[in-house]
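Worksheet for the structure shown next.
The values are calculated or read from the model by the stated rules, or taken from the named source; none is laboratory data. These numbers were taken from a predicted model, which means no experiment stands behind them. So basically every Cβ, Gly included, is an ideal-geometry build from the backbone, and we count neighbours across all protein chains shown.
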Amino acid sequence: MRLLIVEDESSISNFLKEGFEEEGFAVDTADNGKKGLTLAMDNLEEYDVILLDWMLPGMSGIEICRNIRQENKQIPIIFLTAKDTVDDAVFGLETGANDYIRKPFSFEELLARVRVLMRSHTSESTVFQSQNIEMNLDKHTVTKFGKSVELTQKEFALLEYLLRNKGKVCRRTRIIEKVWDIHFDYNNSVIDVYINALRKKLDDPSQPSLIQTIRGVGYKIESEE
């Protein structure tokens, strides 16, 4: 899944980027308001959540939030703020944010809030199943015939994206945008490497491969409905 972090304090931005990437997210960052707004508006359909600092050089988080809401009413936005009064919180939420978290905060709490908003936004379950594979996002586990399967963070993120879109063809360019960073080399064959790794860990010889190749287009996990 893909996040935008608009935060001018590099120590906070780098910490959050590293943390979310370890959780399998693709992360874009901006260190000023104007850059943040440009990234947001250019990729509104791609981001699953936007983390927005309140006080930013060039343009405030409030202004960015208002601009985003004029174009997209649904994308989840969380304010990261040192402001701690009730009036500030109410003002931020009335501007269009879905949630806010006061600095300093724990990464675990922010991660939990992001996942809650993603579930609310997509109205999807946190448990996905196909063939004999089950993925539990809350527990961050994957099992095959009930036995644990160890996946790398990027393997987990790729499988999650395919399962979220079960029954649909996932184009290679969309996989790159959602699972890897936006600046990733589009000609790289790393997607195939990770697909092959997932097949080795998840496929059952008695069944067709969990992940089907749609030649020249991308990949698909068949719907069982």
Answer yes or no: is there a residue in the stretch 163-172 that is modelled with pLDDT of 90 or more, of a type in the set (Val, Ile, Thr) and loosely packed, with under 14 Cβ neighbours inside 10 Å. yes
(1) within 20 Å of Ile221 (Cβ to Cβ); (2) at pLDDT 85 or above: which one isn't true of Met118, the others all being true? (2)
Restricted to the stretch 36-66, and to residues that are in contact with a Leu (Cβ under 6 Å, 6 or more places away or on another chain) and not hydrophobic (A, V, I, L, M, F, W, C), which residue is nearest to Arg174 (Cα to Cα)? Tyr47
Is there any pair with a first residue in the stretch 85-109 that is assigned by TED's automatic domain parsing to the domain that holds Leu52 and a second that is among the small types (Gly, Ala, Ser) and modelled with pLDDT under 80 whose Cβ atoms are under 7 Å apart and which are 6 or more apart or on different chains, and what are they? Tyr100/Ala89; Tyr100/Gly92
Odd one out for Asn67 among (1) at pLDDT below 90; (2) among the polar types (S, T, N, Q); (3) within 21 Å of Asp8 (Cα to Cα): (1)
Residue within the stretch 121-139 that is over 14 Å from the mean Cα position of the chain (by Cα), modelled with pLDDT under 85, farther than 21 Å from Leu4 by Cα and among the hydroxyl-bearing types (Ser, Thr, Tyr) present: yes
Which one is surrounded by the fewest Cβ atoms within 10 Å (Cβ to Cβ), of the residues in the stretch 180-214 that are modelled with pLDDT under 90 and among the charged types (D, E, K, R)? Asp185
Kindly list, by first and then second residue, each pair from a residue in the stretch 11-33 that is at pLDDT 90 or above to a residue that is of a type in the set (Phe, Trp, Tyr) and assigned to a helix (DSSP H, G or I), limited to pairs with Cβ atoms under 8 Å and residues at least 6 apart or on different chains. Phe15/Phe107; Leu16/Phe107; Gly19/Phe107; Val27/Phe20
